[in-house]
1. So Lys154 clears everything in (1) charged (D, E, K, R); (2) surrounded by 20 or more Cβ atoms within 10 Å (Cβ to Cβ); (3) touching a helix residue (DSSP H, G or I) at 6+ places or on another chain (Cβ under 9 Å) except one condition, right? Which one?
2. Answer with yes or no whether Glu284 is under 19 Å from Pro339 (Cα atoms) and surrounded by 18 or more Cβ atoms within 10 Å (Cβ to Cβ).
3. Going by the conditions given, is Ala176 over 30 Å from Leu265 (Cα atoms), in contact with a helix residue (DSSP H, G or I) (Cβ under 9 Å, 6 or more places away or on another chain) and in contact (Cβ under 8 Å) with a residue 12 or more places away in the chain?
4. For Ile203, state whether it is β-branched (Val, Ile, Thr) and modelled with pLDDT under 95.
5. May I ask you to list the residues in segment 69-122 that are out of contact with any Leu (no Cβ under 8 Å at 6 or more places or on another chain) and part of a strand (DSSP E or B)?
6. Restricting attention to segment 43-62, does a residue exist that is surrounded by 18 or more Cβ atoms within 10 Å (Cβ to Cβ), among the polar types (S, T, N, Q) and out of contact with any Pro (no Cβ under 9 Å at 6 or more places or on another chain)?
7. Since Ala159 meets every condition but one in (1) more than 28 Å from Gln259 (Cβ to Cβ); (2) assigned to a loop (DSSP other than H, G, I, E, B), which condition does it not meet?
8. Is it true that some residue in segment 292-302 is under 21 Å from Lys136 (Cβ atoms) and either among the small types (Gly, Ala, Ser) or buried (at least 16 other Cβ atoms within 10 Å of the Cβ) (or both)?
Amino acid sequence: MKSIIFLLPTLLFANFSLHNYNKELHILESFDIEPSFLYDVSMKKIREKRSSVEERKYFFQTLKSASIFIPTMKRILSINHIPDEFIYLPMVESDFEMQSLSNKSAVGLWQFIPQTAKDYHLKIDRFVDERKDIIKSTQAASQFLKQLHKKFGKWYLAAIAYNCGPTRLTNGIKKAGSDKLSVLLDERHHYIPKESKRYIRKIVAFALIGNDEKLFIQNNSIHLLNVANAYSLSTVYLPGGESLKRVAQILDMPLKKLQKINRHLKCNFIPPYVKKYNIYIPYEKLALFKQKYFRVHIVKNGEDLKSISQKYKVNFKYLMSINHLKNFRLKLHQRLFIPLYQVVNV
C-alpha cells in the first residue's frame, strides 16, 4: 500500500511533465522549429535566466500591464492566420510599452520606423502617430509578418526578418547555404546579427513561459491565461476636436487610463481636420458611452425626422427610439439627442 502511495505523486508528476513537454513541442511547431531546439545551449541559458524569480516577476508584471491590449492583439493575429505565440514578439520589441522609442526612431508596441510605418499606411503628423495605435499597428505588423512568411516560408524566419530586415536575412541564408535555425544560430558564424539570435530565442522562451500553467499558478496569475477569451476594447469614432478629457468624464474613468489605450493621439484630442476619427474605450464602458454620448439638435423649420437622420447618418428608427418618439411628427425648436459615434468591437 505504501509503495502505491509513493508511486502516485511520481506518476502524476510524470504525466504533468509529459503534458508540458508536448505543449512545448506544439509551441516550437507553431514557429516551424525542430524539437531539438529545446536543447540548444544558448536557448537553455536563456530559459534558465527567465526562470529566475526576478525574471518571472518581470514577465507577469509586463503581461498584467498589457492585459487590456492583449485580447485585441491576439484576435487580430488570429484573423490574419498568424500563430498566437507571436504575441510575445512585441513583448521582446517594446515590453508592451506604447511609448517605447528605440535609437533607430522605432516607435510603439511593434517598433515601426517611420519608413515602414509609411509603407503600411500608418499616419504620422502633428496630431497622431498611428505606430502607437493598438489596432492599426497590430494590423500593419500582421501584414508585414504575413509577407515575410510568404517570402521565407517559415515562421521563425519571419520573426528573424522582422528584427534584422529581409535583405539581411536573405544574405545570411546565402552565406550559410541553409535556412535551418541551428545553422543560422551557430555562434561560430555571423550569418545573422547577434541581436537577431537573441531575439528569436527570447520570443520562443517567452512563448514557453506563457504556456506553462504551473508557472501561472505559482505566481498567482492564473487569470491572465484566460485574458484573450473576452472583448477588451471597443473602437469608437468621434468628431474632430473632441477631447479625451471629456470622454473620460462621460465614462467616469481616470483620464490616464483612457490615455494609455489612445497613445496614438499626440494632443489628447481628435485631430481637428477630420470629420471623425477612432479612439478606444474599455469594452465594459461601451453601454455607458452609448447612453451618455450625444449632441443636441434643435429642429428647424422644414426639417423632419428623415432629413435629420440623413444629415447625421443615423437610422431614423434608432433616432426615434433614443428620443422616445411615438411617431414621426416633430415640433419646431424640439430638442433631439443625436449619437455622435460609431462603434466597432475588437
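1. Here Lys154 clears every test but (2).
2. No.
3. Yes; evaluated as a whole, the condition is true for this residue.
4. Against the criterion (β-branched (Val, Ile, Thr) and modelled with pLDDT under 95), Ile203 does not qualify.
5. Across segment 69-122, the qualifying residue is only Leu101.
6. Scanning segment 43-62, I find no residue that is surrounded by 18 or more Cβ atoms within 10 Å (Cβ to Cβ), among the polar types (S, T, N, Q) and out of contact with any Pro (no Cβ under 9 Å at 6 or more places or on another chain), so the answer is no.
7. Among (1) more than 28 Å from Gln259 (Cβ to Cβ); (2) assigned to a loop (DSSP other than H, G, I, E, B), Ala159 violates only (2).
8. So far as segment 292-302 goes, no, none of its residues is under 21 Å from Lys136 (Cβ atoms) and either among the small types (Gly, Ala, Ser) or buried (at least 16 other Cβ atoms within 10 Å of the Cβ) (or both).
The values are calculated or read from the model by the stated rules, or taken from the named source; none is laboratory data. Remember, predicted model here, so these are calculated numbers, not experimental data. Because the Cβ atoms are built from the backbone with ideal geometry, glycine has one as well, and the counts that use them run over all protein chains shown.
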